[in-house]
Amino acid sequence: MKSNAAAPRRGKQALFWIVLHSATALLALLTLLAFAARWSWHLELLCHFRAQFALCAGLALVVYLLGRRFFAAECTVVLFAYLLWGLLPYWLPFPRPVEVDANDPLGKRLSPPVRLVSFNVYVYNDRYEEAVKYIESIEPDLVAFYEVTHAWANGLEPLRAKYPHVYSYPDEGSFGLQVMSRQPLEDARLEKPLGVDGAVFTARMPLDDGQRLALVVAHPPPPTDAGLAHIRKVTLKYLARRVNESPGPLALIGDLNCTPWSPLFSDLCRDGELGDARRSFGLQPTWPMWLPIYFRLPIDHCLLRGRIRVVSNELGRECGSDHRPIIVELSVLPPIQ
């Protein structure tokens, strides 16, 4: 009788391990396929889920260890370690945020902090007043808005009292752009590398110490089909060239529709000599807001070049959008003599 009662239980256990082995093998296969991301926009999509893949691999590893399936655990730990390696820079404590101290010689040489906000308001969002009040509450020096329609441009009008220098390019699709600044920007212009979706705004921001911070604001399209994936790829390549044409310290902010683990993102950082301001502050996933935080992706970015210290990098409050805004405070060091 005991033998007959134990048989169904052993069968269920065997089925459980078969399902887990299959799921782990599938996870490993998807991770391997992501290596071909440069040659297929479909496979490039797999790169964006590295954090989710790492979470699944970590959970599988724990189950294998608890179930004393040590060979499977040894295989899984290799997968987990590889996936985790790409996430560690966003939690390691270097570089650390800078505390500007008037008694510190290095602190004296830093420019007064500049606060930048990058915010995709979402084309179908109509909570204009809430967004305006939130921006006023955090008091940035410059705000870049994406997916700005004519309705959104009108809804943001109350901000003109504090941000009188407005560079507005509304669009009824998803690629309207508006930049609002407390002070006038130099050489401000909007560019469209392909003459279609994927606008790029460039300017120079005067700093209190006489330096100039070059600004690049971009919103490439999402890779929802082959055509838009191509436009995104070309726009990101254009951004690298545009960054190299801008001398001095530079900040590139935007909804890039790309995570840090995509080869397109790596190429942009390499070719433009850019560093990710998010590093050491956590992954800070920004989209989509309707999913739990561990399923969201970090596709809104601030990338920096030059002698710039990141004082803080954090996510803003949800204001009806499918994105959370990013808030970056930075100081610029003078050039080396």
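What the table shows:
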{"read-out": "In region 41-65, the residues that are under 16 Å from SER262 (Cβ atoms) and of a type in the set (Ser, Thr, Tyr)", "value": "none"}
{"read-out": "Residue match in region 246-253 (condition: in contact (Cβ under 8 Å) with a residue 24 or more places away in the chain and surrounded by fewer than 17 Cβ atoms within 10 Å (Cβ to Cβ))", "value": "yes"}
{"read-out": "Those residues of region 125-173 which are in contact (Cβ under 8 Å) with a residue 24 or more places away in the chain, among the small types (Gly, Ala, Ser) and under 22 Å from VAL216 (Cβ atoms), in sequence order", "value": "ALA144, ALA153, GLY173"}
{"read-out": "Unique residue being part of a helix (DSSP H, G or I), farther than 21 Å from TRP261 by Cβ and among the charged types (D, E, K, R) when the list is ARG68, ARG38, ARG10", "value": "ARG10"}
{"read-out": "Those residues of region 269-279 which are surrounded by fewer than 21 Cβ atoms within 10 Å (Cβ to Cβ), assigned to a loop (DSSP other than H, G, I, E, B) and in contact with a strand residue (DSSP E or B) (Cβ under 8 Å, 6 or more places away or on another chain), in sequence order", "value": "GLU273"}
{"read-out": "Strands (runs of 3 or more DSSP E) enclosed by region 190-268 - at least 2 residues per element that are more than 20 Å from ASP171 (Cβ to Cβ) and in contact with a helix residue (DSSP H, G or I) (Cβ under 8 Å, 6 or more places away or on another chain)", "value": "250-255"}
{"read-out": "Test result for LEU330, touching a strand residue (DSSP E or B) at 6+ places or on another chain (Cβ under 6 Å), under 16 Å from SER111 (Cβ atoms) and either at pLDDT below 95 or among the hydrophobic types (A, V, I, L, M, F, W, C) (or both)", "value": "yes"}
{"read-out": "Unique match (being under 27 Å from PHE35 (Cβ atoms), more than 16 Å from the chain's Cα centre (by Cα) and of a type in the set (Gly, Ala, Ser)) among GLY306, GLY282, GLY272", "value": "GLY272"}
{"read-out": "Residues (farther than 23 Å from SER312 by Cα, within 14 Å of the chain's Cα centre (by Cα) and not small (Gly, Ala, Ser)) located in region 243-262", "value": "none"}
{"read-out": "Subset tally (residues that are surrounded by fewer than 15 Cβ atoms within 10 Å (Cβ to Cβ) and either assigned to a strand (DSSP E or B) or of a type in the set (Val, Ile, Thr) (or both)) for region 167-188", "value": "2"}
{"read-out": "Identity of the residue in region 68-95, touching a residue at least 12 places away in the same chain (Cβ under 8 Å) and of a type in the set (Gly, Ala, Ser), that ends up surrounded by the fewest Cβ atoms within 10 Å (Cβ to Cβ)", "value": "GLY86"}
{"read-out": "Any chance SER262 is within 25 Å of LYS192 (Cα to Cα) and either touching a Cys at 6+ places or on another chain (Cβ under 7 Å) or not small (Gly, Ala, Ser) (or both)", "value": "yes"}
{"read-out": "Hits in region 139-153 (condition: under 20 Å from the mean Cα position of the chain (by Cα) and of a type in the set (Val, Ile, Thr))", "value": "VAL143, VAL148"}
{"read-out": "Test: residue in region 290-306 that is surrounded by fewer than 21 Cβ atoms within 10 Å (Cβ to Cβ), in contact (Cβ under 8 Å) with a residue 40 or more places away in the chain, of a type in the set (D, E, K, R) and assigned to a strand (DSSP E or B)", "value": "yes"}
{"read-out": "From the options ARG232, ARG242, residue that is over 30 Å from PHE295 (Cα atoms) and of a type in the set (Lys, Arg)", "value": "ARG242"}
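The values are calculated or read from the model by the stated rules, or taken from the named source; none is laboratory data. Computed from a prediction, not measured in an experiment: that's the story for all the values here. Ideal geometry is used to build each Cβ from the backbone, glycine not excepted, and the neighbour counts take in all protein chains shown.
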